[in-house]
Amino acid sequence: MSEGEVFHEKQRLELCAIHALNNVLQERVFTKETADDICKRLAPQCVMNPHRSVLGTGNYDVNVIMAALQSRGLAAVWWDKRRSVQNLCLDKIQGFILNVPSRVSLGIVSLPLRRRHWLAVRDVNGQFYNLDSKLKGPACIGGEAELRSFLTEQLSQDVAEMLLVVQKEVDDDGTWLKADDTRK
């Protein structure tokens, strides 16, 4: 990937967690095999692993994402949606992984079902991008103000959740949160 390019993996099977991880890291680090290995480490005695689809197509849970990030010296911080995204200290955050509702479709037919979907957002060369693997390519969100609006809109969905991707030290000292927000 040359400078100025934005790394973006597209959706395959139910591997959105892997795509979100790689997109937030801006390189292909994790594969289905590495995610399956993490699942086995998380639940070594389980025949039916609770951290992925029984069909073997992916659909990894948050524990896999957190363990994958930890293997890279990073941490995933659950964002409390009761807080305003204005309280985020963006220069301390490497990226965001969101879990949002997603429609199910068969070809061009949209089914009345809802699934969960992982997507990544991060800064690349001073602009924030929506790196959702279901998009044809990275979608430029804009600067900090536009990012905060985007995150607020995403989190307004009742079942949406957000993880902050930060360095381990940033997680330990809580500097991902602006100092004037004392509710840690």
- Query: Which of the aspartates and glutamates could a cross-linker span from LYS136 if the Cα-Cα distance has to be under 17 Å and same-chain partners fewer than 8 positions apart are dropped?
  - Reply: GLU5, GLU9, GLU14
- Message: Can you order the peptides 150-157, 61-68 by their average number of other Cβ atoms within 10 Å per residue, highest first?
- Response: 61-68, 150-157
- Within straight-line cross-link reach of LYS40, lysines at Cα separation under 23 Å, skipping those fewer than 8 residues along the same chain: LYS32
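Laboratory data are not the source of any read-out in this text; all were calculated from the coordinates shown. Because the structure is a prediction, the values reported are computed rather than measured. FYI the Cβ positions are ideal-geometry reconstructions off the backbone, even for glycines, and counts take in every protein chain you see.
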